[in-house]
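Here, each number is a calculation from the coordinates, and none is a lab measurement. The shown structure was predicted, so the numbers you read here are calculated from the model rather than taken from an experiment. When we count neighbours, we look across all protein chains shown, and the Cβ atoms used for this are built from the backbone with ideal geometry, even at glycine.
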Amino acid sequence: MAVYTEVADEDLARFVARYDIGRVLSCKGIAEGVENTNFLLQTTAGHFILTLYEKRVDPGDLPFFLGLMQHLARRGVICPQPVAARDGATLGELAGRPAALVTFLEGMWPRRPVVEHCAGVGRALAGLHLAGEGFGLVRPNALGQAAWAPLFAQSADRADSVAPGLTAEIGGELAALAAGWPQGLPAGVIHADLFPDNVFFLGNRLSGLIDFYFACDDFLAYDLAICLNAWCFEPDGAFNFTKGQALLTAYCRERPLGPAEVAALPVLARGAAVRFLLTRLHDWLRVPPGALVVPKDPLEYLGKLRFHRAVASARDYGLL
């Protein structure tokens, strides 16, 4: 989440007037994240999240995102719910951007995840994958393996300014992944961005999942690999085996992995590291002027990628 677009008070008042949520008391920008503009909106009816979808979001994808949250909630996943205006619409326009209101979830995201957090995420991710079955819309992964080489091409000429030799290292990794990417694994709806700042806890109890704006259809085990990258490395870059074991064990209690998924986990984890290395590199080199957003360090994911290249099997992540 971030703030790229400012909203005039009178425009906000007109937008909110379409809803039965009372009058505006406050509207504060949320600086975390990188993709859309988000505000914490307080009205006389309570708290809501107001999202303005920025230019990198295809408006045609918005029915998928909003409909998915409704589908998952009906099947027991705790996640924000789109708020409908009086005419029934869950999508409007504000400050020249598509915009939506969603319900506010209680809780805080963990700045320093512990083993219990990782277990909670594993359990919740499996529940999300199971609950996603039967969702009527399909969205291909716009940042899946086929998109990585074209994405890198936009930054390749400047990558070595971030780290010497980075262009060649990424190029070699992309070639290896293109040759060795798995086929035919179980697929379905994935979150695709389940980082700690998208998971709320009350104490060590998971209280909700947020930010479904990268959700798509892809291999379910790839979503698990994303979580291994996001939750199981320490600030010094070391992989925490105990956290990995907790996440994987909790996931597999709800949705056991098949043999092909287990075998593919190391290459999926490499791919997940490359995906976030590339998007972070792209954003690091292109911070919009005046944006209230701090770009995330791409080199964090270079270190994770190098770890995954040395992994022999899923046992090295804690899958026993």
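Quick notes on this structure:
- Exposure rule at most 15 other beta-carbon atoms within 10 Å, DSSP loop GluC sites (Glu not before Pro): the chain longest free segment: 134-320
- Each of Leu94, Leu299 has some number of other Cβ atoms within 10 Å of its Cβ, and from fewest to most they run Leu299, Leu94.
- In terms of its C-alpha gyration tensor, region 115-317 has a rounded overall shape, because the principal axis ratio a/c (a ≥ b ≥ c, square roots of the eigenvalues) stays below 1.5.
- Simple spin-label estimate for Ala13 and Val287 gives 3.5 nm between the two label positions (7 Å along the Cα-to-Cβ direction from each Cα).
- For region 81-156, the alpha carbon convex hull comes to 232 Å³ per residue, rounded to a whole number.
- Applying a DSSP loop filter and a limit of 15 other Cβ atoms within 10 Å to the trypsin sites (Lys or Arg not before Pro) in region 20-126 leaves Arg23, Lys55, Arg56, Arg75, Arg86, Arg111.
- Stretch gain in nm, segment Val311-Asp20, where the contour uses 0.36 nm per residue and the Cα spacing is subtracted: 99.4 nm
- In this simple spin-label approximation, Met108 and Ala179 carry label points 7 Å from Cα along the Cα→Cβ vector, and these lie 4.9 nm apart.
- For region 1-118, averaging the sequence separation of C-alpha pairs within contact (under 8 Å, six or more residues apart) and dividing by the residue count gives a relative contact order of 23 percent.
- Cα-projected label distance for Ala95 with Asp297, points at 7 Å along beta-carbon direction, nm: 3.0 nm
- Value at 222 nm in deg cm²/dmol, rounded to 500, when DSSP H runs of n ≥ 4 in the chain each add -39,500 (n - 2.57): -12500 deg cm²/dmol
- Between region 54-133 and region 172-241, the alpha-carbon centres lie 16 Å apart.
- Structural descriptor for region 203-311: relative contact order 28 percent, calculated from alpha carbon pairs under 8 angstrom and at least 6 residues apart.
- If you plug the beta carbon distance of Glu234 and Arg205 into 1/(1 + (r/R0)^6) with R0 = 25 Å, you get a FRET efficiency near 0.60.
- Cα gyration tensor, region 9-103 - rounded (a/c under 1.5), prolate or oblate: rounded
- Given Lys28/Lys304; Lys243/Lys304; Lys55/Lys304, the pairs whose alpha carbons are separated by over 26 Å: Lys28/Lys304; Lys55/Lys304
- Ordering of 312-320, 214-222 by packing [mean C-beta count within 10 Å, highest first]: 214-222, 312-320
- Look at the alpha carbon pairs under 8 Å that are at least 6 residues apart: their mean separation over the length of the chain gives a relative contact order of 19 percent.
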